[in-house]
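Novice: There's a structure below that I have some questions on.
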Amino acid sequence: MKEISEMLGCRYPIIQGPLGGVTNPELVAAVSEAGGFGLLAAYITSDADRFKAQIDRVKNLTDKPFGANLVAMNPKSIEFAQILVDSGLPAVTVSAGNPKELIKFFKAQGVKVLNVAPTVDSAKKAADLGVDAIIAEGSESGGMQGFNGPSTMVLVPLVVDAVDVPVVAAGGIADARGYRAAFALGAKGVQLGTCLIASKECIAHENYKKAICEADDANTRLVNLGRIQVRALRTPLVEKVLEGEAKVSFTDFTPKNVEAAWIEGKLEVFPISAGQIAGMIKEVKSVRQILEEMVAD
Amino acid sequence: MLKTRMTELLGVDYPIQCGTLMWLSRAELVAAVANAGAFACLAAHSFENRAELTAEIRKTKQLTDRVFGVNVSLMPTLKPQDVTDMIKITIDEGVKIIETAAGNPEPYRPQIVEAGLIHIHKCARVRDAAKMSRMGVDAVAIVGTEAGGHPGMEKVGSLVLIPQAVDQVTVPLIAGGGFSDGRSLVAALALGADGVLMGTRFMTAKECIIHPDIKRRLVEAQETDTLFVMESIRNPGRVLRNPWAEKVLEMEKVGSTLEQLAPVISGKITLKGWLDGGFDQGLFYCGQVVGRIKDEPSAAEIIKSIVEEAVQVKERMDGLFQ
């Protein structure tokens, strides 16, 4: 049980998933303070100064270790990688896109690197490149997704059998039951996303959190943006997109639109991401409560 | 060690069901699973007429003294089916367990209850599971979108469905979709289920009538090699990717009607494929977990290895979470 927490220097083997535009420093610090591993997200931004300021802000809020996620398909990812190294972050996660250059870069700098893999083949490739752990992310997850990926239940044991490094389960986990199920499948840790959006410390707008708490098991859909898909809640906008009455494409996926919808609560501007596990989340809790309930007997 | 409300209710040794497989859940497979201490049902719709179903039940009884069930799908079919008669045959032949799937079993409840059958209903949505529990069925099975066959329109994974169903169902809950071994069985129990059903795992069992060439295809398949067909007619089926499935998808893309699709999605073509081994013809239903199936053991060996692994995993878990 200690492999992941020792690797990351935190108390529990629980990693905060990158939450795009709602990954505020206060949330990251709260996760690390509560015993998990907080993670900033560079996602699709290109604003390096703002990213540096976020790192400094987390450092002001906690002495505990935290990391960051880089999206490999972001053209600025290597520039951000240098910022992370300069800031002395102990570990990073890499997702969406070809991780080869980033893995090579971080390994050379002695930074622990975990790769998010939605299939066995991508997990094997990352393991061959020498990553320290694989985050096996099933299709239940919210946010960016590929096409035709398997569910967490199928993916995690497959990856556990296919690679020699520890595996972290992601997608569909929000309580103690899911946490234990992940360990039964052979995972050494979990990554949480949706339940942390519905936390007190997350900057997500009240409308966003309310939509998560009111969702049932059938309330997310995959929205096709062209190059990628996004799993999002069935807001009126998403319903319109699915009916062909509105269109959202990859070019609409901008920090401005994301912030308008996710932080300002204008749900008509852009889909709000959430995993299928939103159906189980019924109330907004503090990060500490979420983590402590998860690891409780 | 693996006693649950499911094993108690059904009178089996292990909380494992061989998921009912259209055309494939026949006497040999069902009896082999039952003899190994797990649960299985004959797929009633696989048989041409009442004489054939009756004969298959009798054959199963000759092959095992253990309990088994009969599965009756309530999904609308092109060729009308006499579900009431299928249930009557089940009762008359002394089978004690009936599994209904899809649709609403309410019209058949009086017949089932009066005969004292144990009634399992299988569904794919939490709200349906909750409704069945309130209706008074004896057990509810819920399958995630990973499952082969027809796991519903909503495409929700079993890891997400199970705990929510547990919270809303009072009767024993059997979890399906993505299960194939001891690790996944213990995961289901950790989520609060009383047992699992696994279909794809038993498709490469020695006692399953699938042609060796198709079994080899299943063993070679990866977790990304399944896809959904028939979404356009609101009855998505998860099948192995093959030229036939691609052809069905193409037809759906250009707006083919049910009448146009009917000859291509016909179960008879699938049955022929299963038996003759021609990979290019027919829809071969299976779950994503096909990517984890790498061998062709007997049903008894499958069950033994699941149980042995589950016991080890439980011990490992006790060490982690004491």
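The values are calculated or read from the model by the stated rules, or taken from the named source; none is laboratory data. Keep in mind that what you see is a predicted model, and the values were worked out from it rather than measured. Note that we place each Cβ from the backbone using ideal geometry, even for glycine, and neighbour counts take in every protein chain shown. Please note that ligands, DNA and RNA were not included when accessible areas were found on the heavy atoms of the full protein model with its side chains. Shrake-Rupley method; radii C 1.70, N 1.55, O 1.52, S 1.80 Å.
Novice: Largest first, please: the extent of the C-alpha atoms of the range B:216-322 along each principal axis, to the nearest Å.
Specialist: 57, 31, 18
Novice: Using the Karplus equation 6.51 cos²θ - 1.76 cosθ + 1.60 (θ = phi - 60°), what ³J(HN,Hα) coupling, rounded to whole Hz, does each residue of the range B:291-308 give in order, writing x for Gly and Pro?
Specialist: Here the 3J(HN,Hα) series is x, 9, 8, 10, 8, 10, x, 6, 4, 5, 5, 4, 5, 4, 5, 4, 5, 4 Hz.
Novice: Per residue, how big is the convex hull of chain B when only Cα atoms are used? Give it in Å³.
Specialist: Each residue corresponds to 122 Å³ of Cα convex hull volume.
Novice: Same structure, new question: Round to a whole number: what % of the accessible area of the range A:56-183 belongs to carbon and sulfur, probe 1.4 Å?
Specialist: Taking all protein chains in place, the range A:56-183 shows 48 percent carbon and sulfur surface.
Novice: In whole angstrom, how far apart do the alpha carbon centroids of the range A:1-64 and the range B:38-65 sit?
Specialist: What the calculation gives is 58 Å, centre to centre.
Novice: How big, in percent, is the set of alpha carbon pairs in the range B:1-96 lying more than 21 Å apart?
Specialist: Pairs farther apart than 21 Å: 30 percent.
Novice: How much net charge surrounds B:Tyr108 when only the other residues with a Cβ under 13 Å from the Cβ of B:Tyr108 are counted, with Lys and Arg +1 and Asp and Glu -1?
Specialist: -3
Novice: Computed over the Cα atoms of the range A:222-281, what is the convex hull's projected area averaged over all directions, in nm²?
Specialist: Average of the hull's projected areas for the range A:222-281 equals 4.1 nm².
Novice: Tell me the volume per residue, in Å³, of the convex hull enclosing the alpha carbons of the range B:192-249.
Specialist: Each residue corresponds to 135 Å³ of Cα convex hull volume.
Novice: Which trypsin sites (Lys or Arg not before Pro) from the range A:217-297 combine a DSSP loop assignment with at most 14 other Cβ atoms within 10 Å?
Specialist: Here the trypsin sites (Lys or Arg not before Pro) that fit, given the DSSP loop and packing criteria, are A:Arg227, A:Lys247, A:Lys282.
Novice: Give me Rg/Rg_expected for the range A:138-245, where Rg uses Cα atoms only and Rg_expected = 2.2 N^0.38 Å with N residues.
Specialist: Scaled against compact globular proteins, the figure is 1.17.
Novice: Still on this structure, I have one more. Please list, or write none, the lysines whose alpha carbon is within less than 21 Å of the alpha carbon of B:Lys206, excluding same-chain residues fewer than 8 places away.
Specialist: The reachable lysines, counting only those whose Cα sits under 21 Å from B:Lys206, are B:Lys59, B:Lys61, B:Lys215, B:Lys272, B:Lys294, B:Lys304.
Novice: A further question on this structure: List the residues of the range A:174-214 for which accessible area in the full set of protein chains is at least 30 Å² lower than for the chain on its own; 1.4 Å probe, protein heavy atoms only.
Specialist: A:Arg177, A:Arg180, A:Ala181, A:Phe183, A:Ala184, A:Leu185
Novice: Okay, next question. How compact and how long is the range B:86-205, expressed as Rg and Dmax of its alpha-carbon atoms in Å?
Specialist: For the range B:86-205, the Cα-based Rg and Dmax read 14.2, 39 Å.
Novice: Using only protein heavy atoms and a 1.4 Å probe, report how much of A:Val165 is accessible, in Å² to the nearest 10.
Specialist: For A:Val165, solvent-accessible area is about 40 Å².
Novice: For B:Ile265, what charge total do you get from the other residues with a beta carbon under 15 Å from its beta carbon, if Lys and Arg give +1 and Asp and Glu give -1?
Specialist: +2
Novice: Let me make sure I get this right: for chain A, a, b and c are the square roots of the gyration tensor eigenvalues over alpha carbons, sorted descending. Under 1.5 in a/c it's rounded, otherwise prolate if a/b > b/c, else oblate. Which is it?
Specialist: rounded
Novice: Now for a separate question. Sort A:62-69, A:123-130, B:189-196, B:68-75 by the packing proxy (mean of other Cβ within 10 Å over each peptide's residues), most packed first.
Specialist: The densest-packed peptide leads the list: B:189-196, B:68-75, A:62-69, A:123-130.
Novice: Using the eigenvalues of the Cα gyration tensor, what equivalent ellipsoid semi-axes result for the protein assembly as shown when each is taken as the square root of five times the eigenvalue, whole Å, largest first?
Specialist: Those come to 43, 25, 23 Å.
Novice: Accessible area, 1.4 Å probe, largest first: how do A:Glu243, A:Glu33 sort?
Specialist: A:Glu243, A:Glu33
Novice: Normalised radius of gyration for the range A:91-194, please: alpha carbon Rg relative to 2.2 N^0.38 Å, two decimal places.
Specialist: 0.99
Novice: Also, I was wondering about something else. In whole Å, largest first, what are the principal axis extents of the Cα atoms in the range B:151-294?
Specialist: Each principal axis gives a Cα extent; for the range B:151-294 these are 43, 35, 24 Å.
Novice: Per residue of chain A, what 222 nm ellipticity follows from adding -39500 (n - 2.57) for every DSSP H run with n ≥ 4, rounded to the nearest 500?
Specialist: It comes out at -11500 deg cm²/dmol, rounded to the nearest 500.
Novice: Going by a ≥ b ≥ c, the root eigenvalues of the Cα gyration tensor, does the range B:54-130 fall in the rounded group (a/c under 1.5), the prolate group (a/b larger than b/c) or the oblate group?
Specialist: Prolate, since a/c reaches 1.5 and a/b exceeds b/c.
Novice: Run the accessible area of chain B with a 1.4 Å probe and give the carbon-and-sulfur part as a rounded percent.
Specialist: Ligands and nucleic acids excluded, carbon and sulfur reach 52 percent.
Novice: What does the charge add up to near A:Gly171, with Lys and Arg as +1, Asp and Glu as -1, over the other residues with Cβ less than 9 Å from its Cβ?
Specialist: -2
Novice: Using a loss threshold of 50 Å², tell me which positions in the range A:146-167 are less accessible in the complex than in their chain alone. Probe radius 1.4 Å, ligands and nucleic acids ignored.
Specialist: Correct list: A:Asn148, A:Met153, A:Val154, A:Leu158.
Novice: With the Cα gyration tensor of the range B:131-199 in hand, convert its eigenvalues to equivalent ellipsoid semi-axes via √(5λ) and list them largest first in whole Å.
Specialist: One finds semi-axes of 18, 14, 10 Å for the range B:131-199.
Novice: What is the magnitude of the charge dipole of the range B:184-322 about its Cα centre, with +1 placed on the Cβ of each Lys and Arg, -1 on the Cβ of each Asp and Glu, and no other charges, expressed in debye to the nearest 20?
Specialist: Roughly 140 debye for the range B:184-322.
Novice: If A:Ile135, B:Ile265 are ordered by their accessible area, calculated over protein heavy atoms with a 1.4 Å probe, which sequence runs from highest to lowest?
Specialist: B:Ile265, A:Ile135
Novice: Find, among the GluC sites (Glu not before Pro) in the range B:1-100, those assigned to loop by DSSP (not H, G, I, E, B) with at most 14 other beta-carbon atoms within 10 angstrom.
Specialist: Qualifying residues, ordered by number: B:Glu48.
Novice: Just to be sure I follow the rule: in the range A:1-146, considering lysines 8 or more places apart or on different chains, how many pairs have Cα atoms under 13 Å apart?
Specialist: Within the range A:1-146, the lysine pair count is 4.
Novice: Another one. If amide hydrogens are placed 1.01 Å from N in the peptide plane, which non-local residues have theirs closer than 5 Å to the one on A:Phe37?
Specialist: Here A:Ile14, A:Ile15, A:Gln16 satisfy the definition.
Novice: Enter the buried accessible area of the A/B pair, total of both sides, probe 1.4 Å, in Å² rounded to the nearest 100.
Specialist: When A and B are taken together, about 3200 Å² of accessible area is lost.
Novice: Here is a follow-up. At q = 0.24, 0.26 Å⁻¹, what base-10 log of I(q)/I(0) does the Debye formula yield for the range A:51-132 when every alpha carbon is treated as an equal point scatterer in vacuo?
Specialist: -1.14, -1.28
Novice: Moving to a separate point now. Taking every pair of alpha-carbon atoms in the range A:188-232, give the share separated by more than 14 Å as a whole percent.
Specialist: 60 percent
Novice: Mind checking the range B:30-73 for trypsin sites (Lys or Arg not before Pro) that DSSP puts in a loop (not H, G, I, E or B) and that have at most 14 other Cβ atoms within 10 Å?
Specialist: Passing both the DSSP loop test and the Cβ count: no residue.
Novice: Compute the projected area of the convex hull of the Cα atoms of the range A:135-193, averaged over all viewing directions, and report it in nm² to one decimal place.
Specialist: Over every viewing direction, the Cα hull of the range A:135-193 projects on average to 3.7 nm².
Novice: Shifting gears a bit: Seen from all sides and averaged, what is the projected area of the convex hull of the Cα atoms in the range A:1-156, in nm²?
Specialist: Averaged projected hull area, Cα only: 8.5 nm².
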